[in-house]
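Comments concern the structure below.
Any read-out appearing in this document is the output of simple, stated calculations on the displayed coordinates, not a laboratory observation. Computed from a predicted model, the values in this text were never measured in an experiment. Heads up, the Cβs are rebuilt from the backbone with ideal geometry, glycines too, and the neighbour counts pull from every protein chain shown.
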Amino acid sequence: MIPTRLVLRHFLCYRDPVEVDFTGLQLACLSGENGAGKSALLDAMTWALWEKARASNQHLVSLGELETRVEFSFRLDGREYRVVRAYTSSGKKGSLLELHVRTEDGWYPLASSGKHTVQAEIDRLLGISYSTFVNSVFLLQGRADEFTRQTPAKRKEILAELLELDRYERYREVAREEAKRLHDERTRSEQMLAALREQAAQAPALRDQVTRLENALDAQRAQLAQLREQLKLRQERLYRLQLEVERYRERSARHAELVRECAKRHEEKDRLEQRLATQQAILQRAPEIERRAQELDAVQRELDELGRIAAERQRIQQELLQRERDLESKRRERAVRKQALETRIKETEQALAQRPELQARLVQIDEELARLATLRERQAELDNQKVQREARRGELRALANQLRQQMKELQEQLQQLSAIDAVCPVCLRPLTPEERARQEAQVRERGAQLRSTFDASRNEDLQLAKELEEIQQRRRELDAELRREGDLQAEGGKIRGDLEKLARQERELAQLRRELEQLSRSEEFDPEYRSLADEVQKLRQQLTALVFDPERREALERRRRELEPVRQELLQLRDARTAVQHLAERLSELEREIATLETERVSLEAELAAWSPPERELETVHSELEQLKQREQSEEELIERLQSQLGALRQRLTDAEAAQDEAERVSRELDRLAREIAVLETLDRAFGKHGIQTMVFENVLPDLAEAANEILDRLPGNTLRIDFVTQRDKTSGDGAIETLDILISDEFGQRPYELYSGGEAFRINFALRVALSLLLVERAGRRLETLVIDEGFGTQDAKGREGLIQALQSVQDRFALILVITHLEDLKEQFPQRIEVYKTSGGSQVTVIR
């Protein structure tokens, strides 16, 4: 895991949003004063990943705030991930947790179905718990000896997690479950084998039953074949009789059909003869019908001409009426236009008379607005003074808060100095009484200076509050007077608009007077009016020229109605001329058809009279056939039952023979299961704590000790050595117990860890923790790739600190990022890459120097 970006808001001392960009850093120093917020950045990382830090959730929220939020981005296995965690303490308390992965299209959520699901996905990605994390790659402030002070069992648990030995427990569980499954399968196979052997023993008896049943079935099939032969002969005789009866019925039906057809033809002949007589009567009236049809055509032509004249007269009358209406509308329009012009001229003259009064009022408004403009400038000056004083008050409040915090810190320092075992807050060395008295005097003097500055700022704040109240009062007075400004501007704008409108009306007045003079002239000078009058005269002349006789038209209409039936008579005459020939031909054809049908009818009557149908014999054969079919069905049912019994016996015989083969196969399968169960039981023992896991520990611990001692050897003046013991004798002297003890020795021999000085203890812890990190990278294959060391360098002298830096530089190629946290000025200068943390009035801030 390689950190790439950290964003905090309202987290501990980071009140305002702060972003830390880790890209490009490899061996860097995180520096700042005590309490500036260096360790808070590490708390933000572990809280984002595991919701664990040095304090509980509610204490991580900045003072005075209700919620906190951390975004932590890191690279892992070539991909970049982002964890977002937030916590709120207001209303309904709760927390937010999100996990994203960067894609080509931006951040994509990996899990979103609940906080526990997202946390499980984060744990799966990292493959390491918070406890193991702070025992391997994070040397947190005050917890550098976390691994060293753990119990042997806890140390083994941490190493097991680092080396992923839990997978052997999973393998062991899988082997146990598989062995249990195979045991159950073997039990089922043994039960099956007993049943199969019992079934195979029935085969000889079943073979005898099959033979007897096959003989009975053959005899029954022979009897059925004889019965079917008899049935076939009866069916053939029945078929011949049915054909003879069917032929007799067909001839009888044909005779009846001939009788009906003859009667039908005679009826059609009578109808045709009647129609022929009717059509011949119509042909005799042909000259009279044709003469009346000619008269009807002449009458219709004369009526059409009179209709054309009437339509033309109607068209001219309508057009004449429209032109007369247009002429009258023209006269009315001129009158209305003249009256409208006279009204507009009068209204315009009345409006122009008000112009002097409006101009005088506009002068008054402009003078009042000029006076108010000076008041507006005074208002802006008051606003500027208010902003300046409020800004100064803000600075004073921020200064007061800072002074309170500093005085609180001085009070805490006095309490620490008054303690019996007080130590230097920088180098952690115990203080002498003289040094404690001197530092207490310095702290009290600094406190008095801060109190004096605090009182002066408070007095200045009170004076500024009084001045702001006076400015506010003058501001309200100006606001009351300036409220009229908008009304005056609106009134002035309206008056200017009215004056511009009057100027336009004055220009229009001359035009209106000229237009009125033109309308007052005589109508004969209007060309449009003269054109309408000429058209009216011309249409009247055309109407007089068209002569129309209504009485003649009425007489022609009466005669046309009298002659109208002749149209139908003409159609009947044409149809009669066509139908007479057709009817004569059809009558001749009917006479021939009647003669043919009569001849066939007489022949069939003679044939039917000489025929005797075999219907009685047909009934007898049909009855015998039904009896034979019933016997056949009974025989088939018997054979079907015998076949069913034979099939069941054959199936049982087949199953018994197959059971013998299956029993042999199950026996071989039981042998295979026994071998596999033996293998799985061996794996169960091998994957246990006393198997492969113990071997891994025995192989890894020498490498861990060697790596730690190699780091110690890089430190100047080092005489310390580290070793591990995995077994020790029981107190009873009966055998040994599993353990993981850390043995530390120097030139004076082995001593307990607690008896070494703070500087020596830090060297031991530093070497072990770096060795654990290297082990994590090289043995477990888990690429955390980050090492963080929080404080502890104050226990070393200048030469020791230089040795620690050299040790870090020697292993920096093993890590993507090594971050050292310190407040020592001479130490941070040895790092070209730095993350500097500093306090401001708005909370701590961060600057990254690459």
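Simple spin-label estimate for Ala503 and Gln806 gives 9.6 nm between the two label positions (7 Å along the Cα-to-Cβ direction from each Cα).
Between Leu358 and Arg513, the simple spin-label model (points 7 angstrom out along Cα→Cβ) gives 2.0 nm. Taken over segment 355-519, the ratio of Cα radius of gyration to 2.2 N^0.38 Å equals 2.35. Where both bridge residues fall in the chain, DSSP classifies roughly 75% of the beta bridges as antiparallel. Taking only the Cα atoms of the chain, the ratio Rg/Rh comes out at 1.37, with Rh defined as the Kirkwood radius.
For Glu598 and Arg560, FRET efficiency with R0 = 51 Å and r from the beta-carbon atoms, rounded to 0.05?
Once the sixth-power term is evaluated, E becomes 0.35.
Simple point charges give the picture: +1 on the Cβ of Lys and Arg, -1 on the Cβ of Asp and Glu, and for segment 355-519 a dipole about the Cα centre of about 240 debye.
Could you tell me the calculated FRET efficiency between Phe454 and Leu66, based on Cβ-Cβ distance and R0 = 35 angstrom, to the nearest 0.05? For R0 = 35 Å, the calculated efficiency reads 0.75. For the pair Glu747 and Gln300 in one chain, pulling the backbone fully straight at 0.36 nm per residue adds 145.7 nm over the alpha carbon distance. In terms of Cα atoms, the Rg and Dmax of segment 247-306 work out to 25.3, 80 Å.
For segment 434-534, the dipole from Cβ point charges (+1 on Lys and Arg, -1 on Asp and Glu) about the Cα centre works out to 640 debye, to the nearest 20.
The angle between the Cα long axis of helix 152-162 and the main principal axis of the chain comes to about 40°, on a 0 to 90 degree scale.
Using only alpha carbon pairs under 8 Å that are at least six residues apart, calculate the relative contact order of the chain and give it in whole percent. Mind dumping the intermediate values first?
On the way: 880 pairs, mean separation 250.9, N = 850.
Relative contact order for the chain comes out at 30 percent.
Look at the dipole of the chain built from charges on Cβ: of Leu243, Leu539, Gln354, the Cα furthest out on the positive end belongs to Gln354.
Only DSSP H runs of four or more residues enter the estimate; each adds -39500 (n - 2.57), and after division by the residues of the chain the mean residue ellipticity at 222 nm equals -25500 deg cm²/dmol.
Farthest toward the dipole's positive end in segment 201-351, which of Ala222, Leu206, Cys262, given Cβ charges of +1 (Lys, Arg) and -1 (Asp, Glu) about the Cα centre? My answer, from the dipole projection, is Leu206. When segment 355-519 is described by a simple charge dipole with +1 on each Lys and Arg Cβ and -1 on each Asp and Glu Cβ, the residue from Gln388, Ala456, Gln402 located farthest towards its positive end is Gln402.
The dipole here belongs to the chain: it is taken about the Cα centre, uses +1 on the Cβ of Lys and Arg and -1 on the Cβ of Asp and Glu, and is about 2100 debye. The long axis of helix 203-284 is offset from the longest Cα principal axis of the chain by roughly 40 degrees.
Note on Ala277 and Asp534: the model spin-label points, each 7 Å out from Cα along the C-beta direction, lie 8.0 nm apart.
If you look at the Cα atoms of segment 452-543, you get an Rg and a Dmax of 38.3, 123 Å.
Compared with the dominant principal axis of the Cα atoms in the chain, helix 550-563 is inclined by about 80°. Whole-Hz Karplus values for segment 463-473 come out as 5, 5, 5, 5, 5, 5, 5, 5, 4, 5, 5 Hz, taken residue by residue from phi with 6.51 cos²θ - 1.76 cosθ + 1.60 and θ = phi - 60°; glycine and proline positions read x. Residues in segment 530-545 carry Karplus couplings, in order, of 5, 5, 5, 5, 5, 5, 4, 5, 5, 5, 5, 5, 5, 5, 5, 6 Hz; the curve used is 6.51 cos²θ - 1.76 cosθ + 1.60 with θ = phi - 60°, and Gly or Pro positions show x.
Counting 0.36 nm for each residue step from Ala465 to Ala195 and taking away their Cα separation leaves a gain of 86.8 nm.
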